[in-house]
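Below is one structure, written out as structure tokens; comments come after it.
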Amino acid sequence: MEISTKIFGEFSGNVVQEFTLTNRQGVSLSAITYGAAVTAIKVPDKEGLLQNIVLGYDSLDEYLSYRPFYGATVGRVAGRIDKGKFTLVGKNYQLETNEKGNHLHGGKNSLDTKIWTVETSSSENEAQLIFMYTSPHNENNYPGNLVLQVTYTLTESNDWKINYYATTDESTLFNPTNHVYFNLSGDPTKTINQHTLALTSKYFGELREDSIPTGNLLPVDRTPFDFTTADTIDKGFESTYPQNELVSGYDHPFVLEHISGKPEATLSDITSGRRVQMFTDRDSVVIYATNALNGKHTEEGKVMEHYAGITLETQQLPDAINQEAFGNIILHPDEVFQSETTYRFDTML
């Protein structure tokens, strides 16, 4: 395994580095110390052509100017919190509201905007980037000093593993995700409309007009949210089903079934032959299909258009702190948060 590094830019007097892990097959993963963001993942297509399959920016300036969370570590809490309000251990908290009167992805200056320290590790079969950051008490109005470690591992079997580890000195909320956008064609000027998706999910979270979950989990059966059998993503883009119309596609949590040995999600591109299988211990995955891209963003000099990528954001269900049946996102001082998500890259036979 090879680990290389280069200077990616400078932010607030800090040099931002980009690290690249490369295995013997030539598969590589690159990430920067700004936001612990994944900037590129290069994997072969069915003909062996190596191309980048995730959306990212050409320069640090673009990461600073725009914020679609490309490849970033998101939190403290991924997704939305209704009106930015929650009650924890008998105390009421008010977070900043940064989208439609609600709190989104940890706030304006959250984990994706921080400079992380990084250590590297390698062995015969894998290499790691170990990102570390301490979120101080009251950062974005969250209680507790939260000590974070996010590890990216690339293996010789073409797995990308994300391991989260966190502790706190005061009860707080923690529900992280990685906001990587996949485009398996290797060309960001092409849409992901004909990518196929399969999910081990029979229910999805219904959204209000402001994208906060209503608390209702709706059956996917006979709706454009049914991916229990692999189907193309675009079936929801022009759909008149109200939940699709609400967001011009998908920006919804899907409740996952955990079936031993079976991936929770499989994303495929028939043209390139590339496939990503996702395994996670989280209760849900939020599927978002770059509904808001406006043609102003570039990658490798190419303009990224509407539906240029799709996320598979593993997490507990959004707004879980205010939704009794949505799972636990509270971290107490006597606890350790640990979670793992794996994305496995290969080509279809």
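The values are calculated or read from the model by the stated rules, or taken from the named source; none is laboratory data. These figures come from a predicted structure and were not determined experimentally. Every residue, glycine among them, receives a Cβ derived from its backbone with ideal geometry; neighbour counts consider all protein chains shown. All accessible areas refer to the heavy atoms of the entire protein, side chains included, with ligands and DNA or RNA removed. Shrake-Rupley method; radii C 1.70, N 1.55, O 1.52, S 1.80 Å.
Okay, here's what the table says:
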{"item": "Residue match in segment 96-104 (condition: surrounded by fewer than 24 Cβ atoms within 10 Å (Cβ to Cβ), in contact with a helix residue (DSSP H, G or I) (Cβ under 6 Å, 6 or more places away or on another chain), free of Cβ contacts under 8 Å to residues at least 40 places away in the same chain and not acidic (Asp, Glu))", "result": "yes"}
{"item": "Residue satisfying all of: in segment 233-262; part of a loop (DSSP other than H, G, I, E, B) and without any contact (Cβ under 8 Å) to a residue 24 or more places away in the chain; farthest from the chain's Cα centre (by Cα) among these", "result": "240"}
{"item": "Identity of the residue in segment 1-39, aliphatic (A, V, I, L, M) and open to solvent by 10 Å² or more (accessible area, probe 1.4 Å), that ends up farthest from residue 275 (Cα to Cα)", "result": "15"}
{"item": "Extreme residue, modelled with the lowest pLDDT, among residues of segment 189-209 that are among the charged types (D, E, K, R) and either more than 20 Å from residue 263 (Cα to Cα) or assigned to a strand (DSSP E or B) (or both)", "result": "190"}
{"item": "Selection count, segment 225-269, where residues are crowded, with 22+ Cβ neighbours inside 10 Å and among the aliphatic types (A, V, I, L, M)", "result": "3"}
{"item": "Verdict on residue 324 being over 19 Å from residue 196 (Cβ atoms), acidic (Asp, Glu), at pLDDT below 95 and buried (at least 16 other Cβ atoms within 10 Å of the Cβ)", "result": "no"}
{"item": "Filtered residues of segment 40-68 (kept if open to solvent by 10 Å² or more (accessible area, probe 1.4 Å), under 18 Å from the mean Cα position of the chain (by Cα) and either modelled with pLDDT of 95 or more or basic (Lys, Arg) (or both))", "result": "40, 42, 52, 67"}
{"item": "Pairs with Cβ under 8 Å, 6+ apart, first in segment 42-64 and within 18 Å of residue 16 (Cβ to Cβ) and touching a residue at least 12 places away in the same chain (Cβ under 8 Å), second open to solvent by less than 50 Å² (accessible area, probe 1.4 Å) and of a type in the set (D, E, K, R)", "result": "56/299; 57/299; 58/299"}
{"item": "Those residues of segment 158-188 which are more than 19 Å from the chain's Cα centre (by Cα), surrounded by fewer than 24 Cβ atoms within 10 Å (Cβ to Cβ) and in a strand (DSSP E or B), in sequence order", "result": "167"}
